[in-house]
Each structure stands twice: as structure tokens, then as C-alpha cells.
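Only one structure is covered here, and it is reproduced in the block below.
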């Protein structure tokens, strides 16, 4: 499996580590206890509690594997000075849509993307179009509604 680099802030990395520890130390134990209880109820073929606990166990193990993969390939990004002026992961970019108002986004990894907080993934259509661009550059972004032109006003 080709492992892709995952860009994370220190805060998000710590949050994912805490979730992983909780899943391993707390949730695994809880689901094991649920399985034991469900087994004690008898016939497993028609035991809803048992099947629900097995499904929950599978979900927990899947999430543990996912978190381990993310954390293994994580690169911590911070608020470093942008010396080149290029847009990169961690950059704060102010853009203006032609005919629209200015909006500022922070370029982040996919785990942290959150439009409500102004955080866009470097893999999103706008994020990938912004990557490696400079201030005062115009870019075209393909969207379901067609091509949209943006002007890069500032890169921090």
C-alpha cells in the first residue's frame, strides 16, 4: 500500500494520538466486556447484543489501523515563516474570487480540513490549485459549476 504523507498541526497530531490511546486502552476493554456479557446470554446465532458488540469491535479495530497509518506518515506543520512566498501546507492565503469578496484560508492536510474554520485541504480543488503559487497570481479552479478564477492577494 502506497503510504501518503499526512500533514498535521501539532494540536491535531496530539488529538489523534489521544484518540488512539483511548481506543486501545479503554474502548477495546469495554467491547471485550460487552462480548463476554453477550456470550453469557446463550445462543450466539440470534443474539443481537453479541452481533452489535462484534460490529463495534470491528469498527474500533478499523479506526485503530486508520489512526496508526495516519500517525506513521504524519508530518507536523506549524506556523513557520514563509520565506519563499509560495503557497504550501501551513500557509495562510487570502484569495479573491472574480466578482466576489476576499477570503482567507489556511492550507492543511485532509484530516484537519474544515471549511467553517477556513481550513482547506491541499488536496481539495482550490487547495491544490493554490499550491506553489505566489502572491498576485491568478488561478483557475474547476468546480461542478464550471471554472472559477481566483486572484491570490496575500500569502503568509
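Label separation (residue 58 vs residue 33): 2.4 nm, computed from points 7 Å beyond Cα along the C-beta direction.
A value for Rg/Rh (Cα atoms, Kirkwood Rh) was derived from the coordinates, and within the list (1) 1.01; (2) 1.16; (3) 1.18 it appears as (3). Each Cα pair under 8 Å and six or more residues apart adds its separation to the average, and for the chain the resulting relative contact order is 22 percent.
The C-alpha atoms of the chain define a longest principal axis, and helix 48-72 lies at about 40 degrees to it. Relative to the dominant Cα principal axis of the chain, helix 28-40 is inclined by about 30°.
Assign one of three labels to segment 80-155, namely rounded, prolate or oblate, based on the Cα gyration tensor with a ≥ b ≥ c the square roots of its eigenvalues; rounded applies when a/c is under 1.5, prolate when it is not and a/b is larger than b/c, and oblate otherwise. List each step's numbers first, then the result.
Details: a/c = 1.60, a/b = 1.15, b/c = 1.39.
It is oblate, given that a/c is not under 1.5 and a/b is not larger than b/c.
When you count the other C-beta atoms within 10 angstrom of each residue and take the mean per peptide, 23-30, 11-18 line up highest first as 11-18, 23-30. Our helix-only sum for the chain, with -39,500 (n - 2.57) per DSSP H run of n ≥ 4 divided by its residues, gives a mean residue ellipticity at 222 nm of -12000 deg cm²/dmol.
Distance from the C-alpha centroid of segment 118-156 to that of segment 1-48: 37 Å, rounded to the whole angstrom. Between 0 and 90 degrees, the angle of helix 10-22 with respect to the longest Cα principal axis of the chain falls at about 10 degrees. Rounded to the nearest 5, the antiparallel percentage of DSSP beta bridges internal to the chain is 70%. Each peptide among 64-73, 144-153 gets the average number of other Cβ atoms lying within 10 Å of its residues, and from highest to lowest they stand as 64-73, 144-153.
Values quoted throughout were computed directly from the atomic coordinates according to the rules given, and no laboratory measurement underlies them. The shown structure was predicted, so the numbers you read here are calculated from the model rather than taken from an experiment. Ideal geometry is used to build each Cβ from the backbone, glycine not excepted, and the neighbour counts take in all protein chains shown.
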